[in-house]
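Student: Provided herewith is a single structure, encoded as structure tokens, for subsequent inquiry.
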Amino acid sequence: MSQPSIPNITPTISITIGSSVALLLASIALEELALAHILNAEAEKIQFVLGTLSGVTHPTPTISNVLEINSSVRSTMQDVIKTEILLQFKLENILNHIAITA
């Protein structure tokens, strides 16, 4: 059995500081958008359990349903908050870098 032949690929990548800052800011914006979608899904989950989601047939809410969904949403919210803190650190690092290089 012969060994695979891996071609020598040496792409030229040229990214300026300005374009890298723009890419980093865009990545933060996309993560924020994803978090917004997660929060919206959690809100719809609550609306479904409470029976207030329009256009959807829903079961009659029980105390156990409400408590269960509350626990689930609380856990997700905690994870979203942790991610928001990390994104804030990322943004502050970018802004500090911009201030140093300017």
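The values are calculated or read from the model by the stated rules, or taken from the named source; none is laboratory data. All values derive from a computational prediction rather than experimental measurement. Note that each Cβ is placed from the backbone with ideal geometry, even for glycine, and that neighbours are counted across all protein chains shown. Calculation scope for accessible area: heavy atoms of the full protein, side chains included, ligands and nucleic acids excluded. Shrake-Rupley method; radii C 1.70, N 1.55, O 1.52, S 1.80 Å.
Student: Being open to solvent by less than 100 Å² (accessible area, probe 1.4 Å), free of Cβ contacts under 8 Å to residues at least 12 places away in the same chain and outside any helix (DSSP H, G or I) is the filter here, so list the residues in the stretch 52-66 that pass it.
Tutor: 52, 53, 55, 56, 58, 59, 62
Student: Related question: If you check 30, 25, which single one turns out to be touching a residue at least 60 places away in the same chain (Cβ under 8 Å) and either in a helix (DSSP H, G or I) or among the aliphatic types (A, V, I, L, M) (or both)?
Tutor: Just one listed residue meets the conditions, 25.
Student: Out of the residues in the stretch 16-39 that are surrounded by 10 or more Cβ atoms within 10 Å (Cβ to Cβ) and β-branched (Val, Ile, Thr), state the one that is farthest from residue 85 (Cα to Cα).
Tutor: Out of the qualifying residues, it is 17.
Student: Then there is this: Please work out which residue is farthest from the chain's Cα centre (by Cα), limiting yourself to the stretch 3-15 and to residues that are open to solvent by 100 Å² or more (accessible area, probe 1.4 Å) and over 30 Å from residue 93 (Cα atoms).
Tutor: This residue is 3.
Student: Another question about this same structure. Can you name the residue in the stretch 40-51 that is free of Cβ contacts under 8 Å to residues at least 12 places away in the same chain and either touching a strand residue (DSSP E or B) at 6+ places or on another chain (Cβ under 7 Å) or within 14 Å of residue 73 (Cβ to Cβ) (or both) and is also surrounded by the most Cβ atoms within 10 Å (Cβ to Cβ) among such residues?
Tutor: So the residue we want is 48.
Student: Which residue pairs have Cβ atoms closer than 8 Å, lie 6 or more positions apart in sequence or on different chains, and pair a first residue in the stretch 75-94 that is under 12 Å from residue 42 (Cα atoms) with a second residue that is in a helix (DSSP H, G or I) and open to solvent by 60 Å² or more (accessible area, probe 1.4 Å)?
Tutor: So the pair list comes out as 76/38; 77/39; 80/38; 80/39.
Student: Out of 94, 85, 69, report the one residue that is of a type in the set (A, V, I, L, M), open to solvent by 80 Å² or more (accessible area, probe 1.4 Å) and assigned to a helix (DSSP H, G or I).
Tutor: Result: 85 is the single residue among 94, 85, 69 that is of a type in the set (A, V, I, L, M), open to solvent by 80 Å² or more (accessible area, probe 1.4 Å) and assigned to a helix (DSSP H, G or I).
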